[in-house]
Structure formats: C-alpha cells, structure tokens
Amino acid sequence: MKNIRAVKGTCDILAGEIEIWQEIERVVRDVMALYGYSEIRTPVFEETGLFARSIGEDTDIVGKEMYTFEDKGGRSLTLRPEGTASVVRAFIEHSLDQRGLPQSLWYMGPMFRQERPQKGRQRQFHQFGVEVIGSPSPAVDAEVMMLFDMIAERLGLGDRLFSINSIGGEESRALYRDVLVSFLGTVKDRLCDDCQRRMVTNPLRVLDCKVPSCREAVHSSGSLPKTVDYLTDSDKEHFESVRKYLDDNGVTYSVDTFLVRGFDYYTGTVFEMNCESLGAQSAVMGGGRYDALVKELGGPGLPAVGFACGMERLAIVLREAPDRKTPINTGDVTVYVVTPGAETDSRALSCAESLRRKGISAVSGSSDRSMKAQMKAASRSGASYAVIVEPEDNIVSVRHMDRSEQEKMTFDAFISRLSGD
Ligand code: HAM
C-alpha cells in the first residue's frame, strides 16, 4: 500500500528548522509587547461570505484560491486565507471599540490558499500580523512599519527596504479609475479574459494580475497612469506625513507608484517589503490602510491599518541572511545522562529528573543503546555536558562536550555547580 504523505503545499517543520521559528515567535512576542499591542486568536475557519465581502469577489484569492467546503449543516465555510477579515469580524462581534481606541491587535497562525506551491509559496503557510483599528493618523501607518522593521532588525535581517505607495481613498480612486479604464482600453486586446471582465467590474485588480502576458501589456507600456498623481489633497497630505514619519525614524523605503495590493479593502497607504533571496515570491510582508472595511462588515465607521508577514518566507530569508547576529540555536538541552547498563537505568532517570527540577534541561539515555551510541546522541543533542552514571552510588563522570574533558564527582556536587548553589 502507498504510504500517506503530507498534502501537497503543506509541510512538517522538524527539529533543526523549528528553532528559527521559535526565535521568530519569541521576537514577535517581545516586540508586540514593546509596542503595547494585544494578541488576538481567531478560528481557522469562518463563514465564506466574510472573505468574499472583505477581500473582494474579483480577487485571485476569492476567485480561485480558497479552501471552501460545506459542513454537515449545509453551511459554506472557508479556511481563512488571511487574518484581517477575521480580526475585523471579531472586533465588531465583541464591540472591541468599547475597550478604547485605537485597538492595536496582533496575531500569528496558519493561513490557507490553494496556490501553485513553489519556494516561499505553500497552501498552508503561517503569518504574523497586526491590525490597528480606530485611528486615521498617518503616524499609525508609520508605526506598524516601524514595528515590523524592529522585528526584522532584531532577527538580523539586513538591507531592509519597504516599497510604499498610496492608492488613496474613495474619491481619489474614482478619479484614478477613470484614467485607468481609458488606459486599459488601449491595451485591451492583450489582456487575459479575466482582466477584460475586471476592466469593467474592478479595474484596479488588472494591475495585480499574475498572467505574464497581461503584466507585460500593462506594465511595460510606459504609459500606465500612477495612483499618486490622482490623490486628493488630503490623501496626498496623509501620504506625505507617512513618508516624513518614516524619514524621521530612519526607516528606509522607496516609493513604488505601481504598487497595488491583491485585496479590495485597501484605501490609502499600501506597502510591502521584498527580499531578493526569495526569488519570484519576493514579498516577505505586506499591508496597508483599510478605512472602509469595518463599516463594510457591519461595524462602526472606523479607519484601520495593518500588515501581515509570511513566516515561511521570513525563515528562508533569515537562513540566508549574511549579517544575522544571533546564531540559530539547534537544541538547547544542557545535560545528556548516559547509562552504561540496565542496573544504572533507574538512577539515570532520577538524575535527569533532579536536574529538570532545578530548571536545568536534561535528556536521559537508555542502556538498550550502547555507550558509544548514547555519547553520539549526546553530541547530536547539542548538550554542554554528558553525565555518565557510574556503578558507585551517587557518583557520575562528567564530560564537558566542547573540551572532551572528563571528571568524576558526586552527582550532588555536579548539580550544585550547575545550579550555582
Ligand atoms: P498578503 O500580501 O496576501 O497580505 O500576505 C502577507 C504575506 O503573507 C505575504 O507578503 C507573504 O509573505 C505571505 N504569503 C502570502 N501567501 C503565501 C503563500 N501561499 N505561501 C507563503 N507565504 C504567503 C495579507 O494577507 C493581508 N491580510 C495583510 C494585511 C493585514 N493588510 C492589512 N492588514
């Protein structure tokens, strides 16, 4: 019978790789606390309508990539393809505005999109992200980017450069839409079928199409109008303030006047950070302002801004980053207890347990494996010490793994030395 394997586009994260994830998670938690953001956990599946209404019917995600199924009660449910819609749903459902504004929330967890798997692109992937709901201030747009920048810096990600743009609010987008539709009319014959339809229903989405011939027609023409040239005075002012705050705080960015993101909910500032080492799937994070979504989903008319970072992609970039300060910690066990024979097994078990009770991490070997095999396992575990249980009561031989020195002592002396008693 054929062995069952992990589903295409999903993967197991094993020891040796999990350490970098744990480090990312630790840094994320620390930095979120520094900025005073609160964690929120939402379910991994939601009513399908939530995503259709927020992300937009015309987007690739809703059109082609969602894991949607009917449950036994006939409800249409979808595995969340992203976190923003769920956070906004929870914000409205629990009237979080009553707890004071803005609400600065963060989350971390798996997301699901049925895309073609490749390096940095999976069907189950993980994001951490933030959503700040209830402030229209450009300072918050800058703050969420600064927050990501600090996480990336602490993790040792060199050469951080945001791409930023503004697609403007409703009024600006209506102005832009008109000129965009005229422009698209000039390249219409070269657009894919979806984009020919989108030209009428949702022209901004054409800029985000992934079909190569479409991208070529739109982006290589040299005459694609820029969103920033059609911003209202207040949208322009907002964008200028975001840039000033980033400048004031030493956050590096470049303005990419053609950056539009693949969701319908964005209304102003949009941003991404791209890393060359990721190849084709270069965006490690992305986000922006979405001032209309809370109301659109039935809540109060509150503005919001947020981002999400792809953790698989961040892990790839970190592994390849030349100036990572913190080494990847592979295994943090301090002591490996070696038991030469069946008669010392029970003492080995007790030694390991005594160490753990003192807060010292320990692994106990077992005499069904040879001493040599246990010493090999000790070395593989990254332990600082191998402790060999000797036949005499309370006596152990302590091997310093990095120096290959061995000394005999009582186990009590060893434990006091390690715990500094
Ligand atoms: P997004 O750009 O779709 O935005 O995703 C954010 C990040 O998730 C991407 O930059 C990428 O690193 C990662 N990502 C997306 N799809 C995949 C995939 N199939 N495999 C691996 N990584 C992936 C959002 O999700 C928005 N909710 C961000 C946001 C929050 N905007 C406002 N608030």
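A few notes on this one:
- Residues in the range 1-21 that are under 16 Å from the mean Cα position of the chain (by Cα), of a type outside the set (A, V, I, L, M), closer than 13 Å to Phe125 by Cβ and part of a loop (DSSP other than H, G, I, E, B): 2 in all.
- Number of residues in the range 377-392 that are exposed (fewer than 13 other Cβ atoms within 10 Å of the Cβ) and within 13 Å of Thr339 (Cα to Cα) equals 2.
- Members of the range 283-320 found to be open to solvent by less than 20 Å² (accessible area, probe 1.4 Å) and in contact with a Leu (Cβ under 7 Å, 6 or more places away or on another chain), listed by number: Val284, Val294, Ala304, Val317, Leu318
- Per-region count, the range 206-220, residues touching a residue at least 24 places away in the same chain (Cβ under 8 Å) and open to solvent by 50 Å² or more (accessible area, probe 1.4 Å): 3
- Pairing each residue of the range 247-263 that is among the hydrophobic types (A, V, I, L, M, F, W, C) and assigned to a helix (DSSP H, G or I) with any residue that is away from the ligand (no atom under 16 Å from the Cβ) and open to solvent by 30 Å² or more (accessible area, probe 1.4 Å), provided the two are 6+ apart or on different chains, yields no C-beta distance under 8 Å.
- Residues in the range 101-142 that are polar (S, T, N, Q) and touching a helix residue (DSSP H, G or I) at 6+ places or on another chain (Cβ under 7 Å) were compared, and the one that is farthest from the ligand (Cβ to nearest atom) is Gln103.
- Within the range 16-59, tally of residues that are surrounded by 17 or more Cβ atoms within 10 Å (Cβ to Cβ) and under 26 Å from Asp193 (Cβ atoms): 9
- Qualifying residue in the range 89-101 (condition: open to solvent by less than 10 Å² (accessible area, probe 1.4 Å), on the phi < 0 side of the Ramachandran plot and in contact with a Phe, Trp or Tyr (Cβ under 8 Å, 6 or more places away or on another chain)): no
- Test: Lys188 is closer than 20 Å to Val260 by Cβ, charged (D, E, K, R) and either touching a helix residue (DSSP H, G or I) at 6+ places or on another chain (Cβ under 9 Å) or within 16 Å of the ligand (Cβ to nearest atom) (or both): yes
- Checklist (1) more than 23 Å from Glu23 (Cα to Cα); (2) of a type outside the set (Val, Ile, Thr); (3) under 40 Å from the mean Cα position of the chain (by Cα); (4) modelled with pLDDT of 95 or more applied to Gly420, failing item: (4)
Quick grid of which residues meet (1) modelled with pLDDT of 95 or more; (2) within 16 Å of the chain's Cα centre (by Cα); (3) in a strand (DSSP E or B):
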{"position": "Glu82", "(1), (2), (3)": "yes, yes, no"}
{"position": "Asp97", "(1), (2), (3)": "yes, no, no"}
{"position": "Gly109", "(1), (2), (3)": "yes, yes, yes"}
{"position": "Gln114", "(1), (2), (3)": "yes, no, no"}
{"position": "Gln127", "(1), (2), (3)": "yes, yes, yes"}
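- Members of the range 324-355 found to be at pLDDT below 90, closer than 23 Å to Gly420 by Cα and surrounded by 15 or more Cβ atoms within 10 Å (Cβ to Cβ), listed by number: Val333
- Any hit, the range 240-261, residues being open to solvent by less than 30 Å² (accessible area, probe 1.4 Å), within 24 Å of the chain's Cα centre (by Cα) and within 12 Å of the ligand (Cβ to nearest atom): yes
- Scanning the range 274-289 turns up one or more residues that are in a helix (DSSP H, G or I), of a type outside the set (D, E, K, R) and within 16 Å of the ligand (Cβ to nearest atom).
- Checking Arg215, Arg261 one by one, the residue that is under 23 Å from Arg198 (Cβ atoms) and in contact with a strand residue (DSSP E or B) (Cβ under 8 Å, 6 or more places away or on another chain) is Arg261 and no other.
- Pairs where the first residue, in the range 54-74, is modelled with pLDDT under 95 and the second is of a type in the set (S, T, N, Q) and open to solvent by 40 Å² or more (accessible area, probe 1.4 Å), C-beta under 7 Å, 6+ apart: Asp58/Thr201
- Selection count where residues are buried (at least 18 other Cβ atoms within 10 Å of the Cβ) and either β-branched (Val, Ile, Thr) or free of Cβ contacts under 8 Å to residues at least 60 places away in the same chain (or both), scope the range 130-172: 8
- Pairs, first within 18 Å of Arg380 (Cα to Cα) in the range 13-32, second open to solvent by 70 Å² or more (accessible area, probe 1.4 Å) and in a helix (DSSP H, G or I), C-beta under 9 Å, six or more apart: Glu17/Arg319; Ile20/Arg319
- Going through (1) touching a Gly at 6+ places or on another chain (Cβ under 7 Å); (2) under 30 Å from Gly250 (Cβ atoms) one by one, Asp208 falls short only on (2).
The values are calculated or read from the model by the stated rules, or taken from the named source; none is laboratory data. From a predicted model like this one, the values you see are computed outputs, not experimental measurements. Cβ sites come from the backbone with ideal geometry, for glycine too, and all protein chains shown count toward neighbours. Quick note on the areas: whole protein, heavy atoms, side chains included, nothing else; ligands and nucleic acids left out. Shrake-Rupley method; radii C 1.70, N 1.55, O 1.52, S 1.80 Å.
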